[in-house]
Amino acid sequence: MQHLLTDSIKSILPRLYATQDIPAEEKVAVCKFFDPFGSATWYVVEGQPAGDDGNWCFFGWCDLGLGMGEWGYVTLADFESLRRTSRRFIERDLYWVPGPVPELAQAS
């Protein structure tokens, strides 16, 4: 799962809770993960290592494809568990440029 999280992303990703005082519509999504065969999308604004096994915990805008996104947490291990349980896999948007979460920009 390390291909999902590069060293360059790790270096610019704010630690968990670092952006808690920034209004939601001003938070910067550093990277975007998505289900290539569905509509689930995760816009990550914060993250940090979650243990010493290579896992990371992320905070960001999550829309699991129901059109009703919400702020929440997800881990690299969660993405891997999708592969094991449903044979689905998550990809990182290689063309994503850090910026606002599109759904939040449309709502304001």
Notebook entry, point to check: Which sequence of Leu82, Leu76 reflects their accessible areas, 1.4 Å probe, from the largest down?
Noted result: Leu82, Leu76
Check: How much accessible surface does Arg15 have with a 1.4 Å probe, in Å² rounded to 10?
Finding: 140
Check: Tell me, what is the per residue accessible area of the chain in Å², probe radius 1.4 Å?
Finding: 60
Check: Given a 1.4 Å probe and every protein chain left where it sits, what share in percent of the accessible area of the chain is carbon and sulfur?
Finding: 54
Checklist line | Cβ-based net charge around Gln20, under 15 Å, with every Lys or Arg adding one and every Asp or Glu removing one | finding: -2
Note to self: Could you work out [θ]222 nm for the chain from helices alone, using -39500 (n - 2.57) per DSSP H run of at least four and dividing by all its residues? Round to the nearest 500 deg cm²/dmol.
What the structure shows: -5500 deg cm²/dmol
Notebook entry, point to check: Can you give the Kirkwood hydrodynamic radius of the stretch 5-74 from its Cα pairs, in Å with one decimal?
Noted result: 12.6
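The values are calculated or read from the model by the stated rules, or taken from the named source; none is laboratory data. Treat the numbers as computed from the prediction; the structure is a model and nothing was measured. Cβ coordinates were reconstructed from backbone atoms using ideal geometry, including for glycine residues, and neighbour counts include every protein chain displayed. Calculation scope for accessible area: heavy atoms of the full protein, side chains included, ligands and nucleic acids excluded. Shrake-Rupley method; radii C 1.70, N 1.55, O 1.52, S 1.80 Å.
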